[in-house]
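The block underneath contains the structure these notes are about, expressed in structure tokens.
Bear in mind these aren't lab numbers, they're just calculated from the coordinates by the rules spelled out. All figures in this text were calculated on a predicted structure; none of them were measured in a lab. Quick reminder, even Gly has a Cβ in these numbers, built from the backbone with ideal geometry, and neighbours come from all protein chains shown.
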Amino acid sequence: MEVVDRLGRVLAAMPEAEVRRQQLCHRSVVILLYDEAGRLLLRKGLGLRGQGPLRWDLPVHSPVLRGEALLDAATRVLDATLGIHAERMRLVQAIAPSLENGNEFQHVFSLARPEGGSTLGQLGEDDAYFFGPEELRCLLKDFSELVSARFLVLAKELKLPQREHRPA
């Protein structure tokens with residue numbers, strides 16, 4: 001993957017494990033996946049290093065690979081994770097790198113999917129859930145220990161669940 005400076009300029013290409021070990025600045029994509037009712041899809045998963053208890057997190061996120069455009073990276077990871085091919089995602093925000101977010105320039109995309117379908121089938125219904133605004137507010141406020149550190153930082157930056165959702 002590409003190592004970038006604080007302005008997003010590419011400095012080098014290195015293996016992902018080494019970039020993460022040294023906490024070097026790099027680009028990533030994150031996709032907020034909503035159903036028709038405007039509920040946000042989260043899944044239970046392990047932390048960044050595959051350790052610790054299961055926490056609620058966004059199901060679609062990935063580093064941007066060497067030479068890859070942001071939309072191409074988002075399309076690739078959405079297809080690989082959920083089997084969904086969608087190129088009409090909307091870039092909603094870019095979040096600057098910090099130690100809290102793993103030194104990632106996080107490029108956040110949004111996509112609306114019809115209710116039902118194969119989205120949960122790919123993840124397993126026990127591990128994924130569409131959270132409505134009030135449920136998400138409660139989860140983040142009263143049960144933050146059940147949420148991944150990455151998603152807590154992202155939710156704060158994006159002002160979730162107050163952020164108005166507009167389907168792509």
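List of remarks:
- Between residue 137 and residue 156, the contour length at 0.36 nm per residue exceeds the alpha carbon distance by 5.7 nm.
- Between residue 149 and residue 100, the simple spin-label model (points 7 angstrom out along Cα→Cβ) gives 1.2 nm.
- Evaluated at q = 0.12, 0.14, 0.26 Å⁻¹, the base-10 log of the normalised Debye intensity for the stretch 19-96, with identical point scatterers placed on the Cα atoms, takes the values -0.39, -0.53, -1.42.
- In summary, the stretch 2-158 shows an alpha-carbon radius of gyration equal to 1.02 times the 2.2 N^0.38 Å reference for compact globular proteins.
- Low-density loop cleavage sites - GluC sites (Glu not before Pro) in the stretch 1-91, where at most 15 other Cβ are within 10 Å (DSSP): 36, 87
- Three-way shape call for the stretch 65-117 based on the alpha-carbon gyration tensor, with the a/c threshold at 1.5: prolate
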